[in-house]
Every structure is written in structure tokens, then in C-alpha cells.
1. Amide H of residue 225 versus every other amide H placed in the peptide plane: which residues, excluding those fewer than 5 positions away on the same chain, fall under 5 Å?
2. Mind checking which aspartates and glutamates have their C-alpha under 18 Å from residue 148, skipping anything on the same chain fewer than 8 residues away?
3. Exposure proxy check: 54, 62, 277 ranked by fewest other beta carbons within 10 Å?
4. Short version: ³J(HN,Hα) in whole Hz for each residue of the range 268-276, in order, from phi by Karplus 6.51 cos²θ - 1.76 cosθ + 1.60 (θ = phi - 60°), x for Gly and Pro, what are they?
5. Return one number: the angle in degrees, 0 to 90 and rounded to the nearest 10, between the long axis of the Cα atoms of helix 98-117 and the longest principal axis of the Cα atoms of the chain.
6. State the answer as a single residue: which of 205, 190, 162 lies farthest towards the positive end of the charge dipole of the range 158-210, with beta carbon charges of +1 for Lys and Arg and -1 for Asp and Glu, about the Cα centre.
7. I'd like the projected area of the range 1-149, averaged over all directions, using the convex hull of its alpha carbons. Report it in nm² with one decimal.
8. Based on the alpha-carbon gyration tensor of the chain, what equivalent-ellipsoid semi-axes (square roots of 5 times the eigenvalues) come out, in whole Å, largest first?
Amino acid sequence: MQFFDQAAVAHALPYPALIEALAAGLQQAIESPARSVYTPNGDNSAVLIMPAWKAHENMGVKLVSIWPGNSAKGKSAVSAVYVLISCEDGNPIAVLDGTELTLRRTAAAAALAGRILARKNSQTLAILGTGSLSAPLAVAHASVMNFKTILIWGRDVKKAQTVVDTLASQGITAQASSDLQATLAQADVVCAASTATAPFIRNDWVKPGTHLGLIGAFTPTMAEAEPTLMPRAQVFADSRDAILQKGGEVLQAIQQSLIAAGDIQAELAEIAAQPQKAWRSSDAAITVFKSVGFAALDLIAAELVFAARPR
């Protein structure tokens with residue numbers, strides 16, 4: 001059995017290759033049952049168990065710890081470990097750093113959706129939030145789209161500047177912002193990645209033509225954008241089933257009868273299968289990609305890591 005630490009996972013998953021692997025892998029037959037959620041402390045911290053498998057090939061199981069209070073302590077709010085198992089004989093074949101795996105596959109899935117759904121002349125990317133996903137989201141999007149400006153917004157501009165500095169070390173120029181309304185007024189592509197329990201993206205601040213990736217709200221009670229935005233938008237999902245169970249502001253919009261479940265126009269596998277299709281109704285349309293994560297993405301990424309192992 002092999003072990004892949006954070007550096008090994010990162011090395012095996014450059015974003016362009018991972019994005020293409022997700023686009024292709026989502027067309028395969030992967031069983032991805034609903035994740036199990038446990039709250040050992042009886043608060044908003046949680047442990048998720050996420051399995052997925054391809055019959056007679058491989059199965060993966062991810063254990064994810066989500067401790068929102070860690071952000072205030074300067075620690076990552078999300079950590080994980082991933083176990084890859086052979087479906088031929090049932091033996092574990094690899095253990096991977098699941099935190100790096102999760103960050104990269106989440107950022108890559110959002111970038112895949114953005115590449116297809118955003119306007120082709122998009123020039124400004126805005127990342128909302130300063131947590132561990134902020135830099136990966138910027139790097140992933142910049143790897144497949146040509147932005148002239150990248151903005152990092154955070155309530156604490158010092159934390160936003162830290163993300164800017166991290167990106168600079170990777171050769172990406174960005175600017176810190178503390179004015180959300182002004183940031184949204186400039187942005188063509190927006191990605192929000194937070195643990196917000198109350199919406200901070202106001203409906204009337206999102207301009208026509210924006211592509212908005214809502215990546216952070218992963219439970220029915222969390223929200224990054226106001227649910228009232230959804231009737232204005234073309235709504236897409238990483239997984240319909242997952243969104244209808246726990247999809248934050250999109251699920252809330254459905255529950256409030258602002259939109260119907262059938263208004264989710266497609267999921268990631270569908271848009272990845274037809275990347276040349278004109279998914280946007282017009283350049284003025286607002287597109288929303290809602291992501292809560294699902295286990296097939298992890299399995300595709302883990303197999304890519306395993307395939308890159310020394311022989």
C-alpha cells in the first residue's frame with residue numbers, strides 16, 4: 001500500500017490535467033451514494049464519510065472533518081484522508097492526503113464549470129473568501145481562462161492580502177479588496193468559498209452577465225448568496241441529487257418556491273459532455289454553478305494520483 005502526502009498529491013494533480021480528467025471521468029459509470037454526516041460535538045463541526053466506486057476497478061472512501069471554528073484560530077476549517085481500495089481483491093492500495101485532494105478537485109470542478117458557463121470574453125475573476133480554497137480556486141480558474149484582473153475579497157483585508165501573497169509566490173498577480181459591492185461590480189466570474197450561514201452576496205449586487213460559482217455552502221442551512229438571486233439566474237449543479245438534499249441557497253430557493261427543482265438546468269457531467277453547447281441563454285444571463293461536492297470527483301482525482309506513482 002502506498003502513501004501520498006500533500007506534496008505528492010499536489011504534484012500529481014496540476015489543474016489543467018485534473019480538469020480534463022474530471023471532464024472525462026464524469027462520463028464513466030461511478031456509483032456515488034449520499035455522504036453520511038456526523039456531528040460528534042453536537043455543534044456545527046462535522047465528520048463526513050464519502051464513498052464512491054467503479055465496479056471491478058477501484059473504490060475510494062474519504063473521511064472529511066469540517067471544523068468552521070478553526071478559521072478564527074488560523075487553522076484550516078477542512079481536513080481529510082482518502083483511502084483507495086481495489087475492487088478486484090478488496091485490498092487497500094493507497095492512502096492519500098485527502099485535504100489537498102479535496103481542495104484541488106473542488107477548485108478544478110468549479111473551474112471546469114466556469115470555463116464552459118462563463119462569457120468567453122470574461123476578464124475579471126473575483127474570489128470571495130480567504131480560507132484554504134481561495135488560492136486553489138484562483139489558480140484553477142487562471143489555468144483555463146485568460147483573466148486580466150484577479151480580485152480577492154475578504155472581510156479582513158489582511159487575510160485577503162495573505163491570499164494575494166500566496167498567489168504571487170505561484171506567479172499569479174492578484175489584488176486584495178474589502179469592498180464586496182465594488183468587487184462584484186467589476187467581476188465577470190465570481191467564486192465564493194466560505195462557511196457562511198447567512199447570505200453575504202446580495203441579489204441586486206450581481207450584475208447581468210456574471211458567472212457565479214457558489215462553492216462554500218454545503219448544508220441546507222448555509223448560504224453565500226441570497227436565495228432571491230436564483231430566479232434571475234440559470235442554475236447549474238455539480239450533482240442534482242446532492243443539491244436537492246443539501247444545496248444551500250439553491251435548496252432554500254426551492255423550499256421558498258422561488259424556483260422549482262426542474263429549474264436546475266444541468267449538472268457538471270452533462271455540461272462537461274457538451275462543452276461547446278451554448279449553455280448560456282445570452283451574454284447578459286447570470287449563470288450560477290452550485291457545488292456541495294460529491295464522491296465521484298474524489299475517486300477520479302485519486303485514481304489520477306495513483307496512476308502517477310513511481311513504477
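1. 200, 201, 249
2. Partners within reach: 165, 188.
3. Working: 54 18, 62 25, 277 11.
Lowest to highest Cβ neighbour count: 277, 54, 62.
4. Result, rounded to whole Hz: 4, 4, 5, 6, 5, 6, 10, x, 8.
5. That works out to roughly 50 degrees.
6. Of the options given, the answer is 162.
7. On the way: hull surface 41.5 nm².
Answer in nm², one decimal: 10.4.
8. Values: eigenvalues 162, 92, 80 Å².
They are 28, 21, 20 Å, listed from largest to smallest.
Read the figures in this text as sums done on the coordinates, not as results from a lab. Here the structure is a predicted model, which means the values were calculated and not measured. A quick note on method: Cβ atoms are made from the backbone with ideal geometry, for glycine too, and the neighbour counts reach across all protein chains shown.
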